[in-house]
Every structure is written in structure tokens, then in C-alpha cells.
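Enquirer: Just passing along the structure, written as C-alpha cells.
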Amino acid sequence: MIDHTGVIVSDFERSRAFYTQALAPIGYALLAEIPAAVTKSTDVAGFGEPPKPDFWISGATADKPVNHPPVHVAFRVTSRAQVDAFYAAALAAGGRDNGAPGPRPHYHEHYYGAFVLDPDGHNIEAVCHAPV
């Protein structure tokens, strides 16, 4: 079982704003922020469903550059409406389309997902596995 994951971003403030807006429709909120003064390297922010963050962003540093190639992170949701809302919010927050909401039967019968590229090109997805 995965406890948490994250991505390194080139512009921390821009990415924090992007993820705050893009993840809100799926019930994720900004739950923790730790400044560079505490981490001794960079700012970090944790998103998730209260009380625990499980998706983190951290600003790039000389020691830890932006993840390249970009990574793929998929958030499981309980309804297709949440997938649609995530996609709309992510585009409004400055994300780029990487696959509009819709069924993807080549993955499995009930797979319904949407894909958006974040400001650094990471492929962020919301997916619902429930039947219609």
C-alpha cells in the first residue's frame, strides 16, 4: 500500500495554486506547508483528505531538480462527476489537456478518467472505476 507520493516542481507558488484549485473537486485540500527554513532546502506542501496529506509537492533545488521525465499520478475518485469536475478545475488553474474525461475500456470495462498536464508537464489524472 502506498502511503504518500509527490512531485518536484519548478515554481512552488504556481504549482501550489494549481494543485489547490485542481484537486479541490475531488476532496483534496492543502493540509500542510513546511517552509525551506525548516526543511533546510526547499518549500513543501502536502495535499489530501483530512487529516493526513498523501500527495506532496516540493520546490526544485540544485540537488533535486524537477522530475524529468515527468511522472504520472492518478487520484481515485468515487464518481464520474468528480472526474469531470477535476478536469475542468485543472484546466481553469492553468493545466493543459492530456485526455478529456471519458471511458477508457482498453484499461477495463468501467474505467473513466481524465488527464491534465500540470505546470511542469506531470501527467495528473482523476479516475473512477465504478460502473455508470
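Enquirer: Which part of the stretch 45-63 falls in the paramagnetic zone of T39, meaning amide N under 16 Å from the point 7 Å along Cα-to-beta-carbon?
Expert: Only 45-48, 53-63 fall inside the zone, counting backbone N under 16 Å.
Enquirer: If you take volume of the Cα convex hull per residue in Å³ from the coordinates, which of (1) 175; (2) 110; (3) 124 do you get?
Expert: This structure yields the entry labelled (2).
Enquirer: In nm, what is the difference between 0.36 nm times the number of residues separating A81 and A17 and their Cα-Cα distance?
Expert: Additional length available on full extension: 20.8 nm.
Enquirer: Just to confirm the filter: which trypsin sites (Lys or Arg not before Pro) across the stretch 11-81 are DSSP coil and have at most 13 other Cβ within 10 angstrom of their Cβ? Don't jump to the answer; show the numbers that get you there.
Expert: Working: sites: R14, R16, K40, R76, R80; in loops: K40.
Passing both the DSSP loop test and the Cβ count: K40.
Enquirer: Please give, to one decimal in nm, the separation of the simple spin-label points placed at H106 and A32, each 7 Å out from Cα toward the Cβ.
Expert: 3.8
Enquirer: Alpha carbon centre of the stretch 1-38 versus the stretch 79-110: separation in Å?
Expert: If we compute the Cα centre of each part, the gap is 19 Å.
Enquirer: For the chain, what is the mean residue ellipticity at 222 nm derived from helices alone (per DSSP H run of n ≥ 4: -39500 (n - 2.57); sum divided by total residues; nearest 500 deg cm²/dmol)? Before the final figure, lay out the partial values.
Expert: Working: 3 runs with 29 residues, N = 132.
So the helix-based figure for the chain works out to -6500 deg cm²/dmol.
Enquirer: Further, regarding this structure: Could you work out the relative contact order of the chain, using alpha carbon pairs under 8 angstrom and six or more residues apart, expressed as a whole percent?
Expert: Values: 283 pairs, mean separation 33.5, N = 132.
Taking the mean separation of contacting Cα pairs over the length of the chain, I get 25 percent.
Enquirer: Just to confirm the number: angle between the C-alpha axis of helix 80-92 and the first principal axis of the chain, 0 to 90 degrees, nearest 10?
Expert: With rounding to tens, the tilt is 40 degrees.
Enquirer: How many percent of the accessible area of the chain is carbon or sulfur, using a 1.4 Å probe?
Expert: Ligands and nucleic acids excluded, carbon and sulfur give 57 percent.
Enquirer: Tell me, what is the per residue accessible area of the stretch 55-124 in Å², probe radius 1.4 Å?
Expert: Details: 3560 Å² over 70 residues.
Ligands and nucleic acids excluded, the figure is 51 Å² per residue.
The values are calculated or read from the model by the stated rules, or taken from the named source; none is laboratory data. Keep in mind it's a predicted model, so treat the numbers as computed, not measured. Cβ: placed from backbone, ideal geometry, glycine included. Neighbour counts: every protein chain shown. Note: areas computed on protein heavy atoms with side chains; ligands, DNA, RNA excluded. Shrake-Rupley method; radii C 1.70, N 1.55, O 1.52, S 1.80 Å.
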